[in-house]
Amino acid sequence: MKTVIFSFDTVEFAKALADETRQKIMALCCCEWVSVNDIVEKLDVAQPTVSHHLKILKNAGLVKSERKGKQVMYTINQQRLAQGCCQVAENFAPDQQIELRVVVPD
């Protein structure tokens, strides 16, 4: 029997994904850079709530941020998301062949 070691990162990753509001935020950040104000407008959620969820996503490595003037812009960290999904799959389906392909844009 194989011993599976669950790292804190895997638990943090899963917890970060386990909230509906965070999933909606990730969907908005999927393929573009968005500001907190953009997210607030599109989700009709209070700014402190959005900031709270972004902090959790950032701590889990699921979003990247970049300052543009006075605003901080956010986007999905697609590489970390893919790695986290593979790590979870390896923990629960170790006999399956899992391949991670990361395409780096030019």
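Read-outs: derived from the displayed coordinates by stated rules, not from any lab. Note that the coordinates shown come from a computational prediction; the quantities given were computed from them, not determined experimentally. Cβ sites come from the backbone with ideal geometry, for glycine too, and all protein chains shown count toward neighbours.
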Open item on the list: Quick test of your reading of the structure: LYS15 fulfils all but one of (1) within 10 Å of the chain's Cα centre (by Cα); (2) in contact (Cβ under 8 Å) with a residue 12 or more places away in the chain. Name the failing condition by number.
Closed with: (1)
Task: Filter result for the condition that a residue is loosely packed, with under 12 Cβ neighbours inside 10 Å, in contact (Cβ under 8 Å) with a residue 12 or more places away in the chain and under 17 Å from the mean Cα position of the chain (by Cα), over GLU66, GLU20 - done: GLU66
Task: Residue count, the stretch 29-85 (criterion: under 25 Å from VAL11 (Cβ atoms) and among the small types (Gly, Ala, Ser)) - done: 6
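Looking at the stretch 24-49 only, could you name the residues that are of a type in the set (A, V, I, L, M) and farther than 17 Å from GLY69 by Cα?
ILE25, MET26, ALA27, LEU28, ILE39, VAL40, LEU43, VAL45, ALA46
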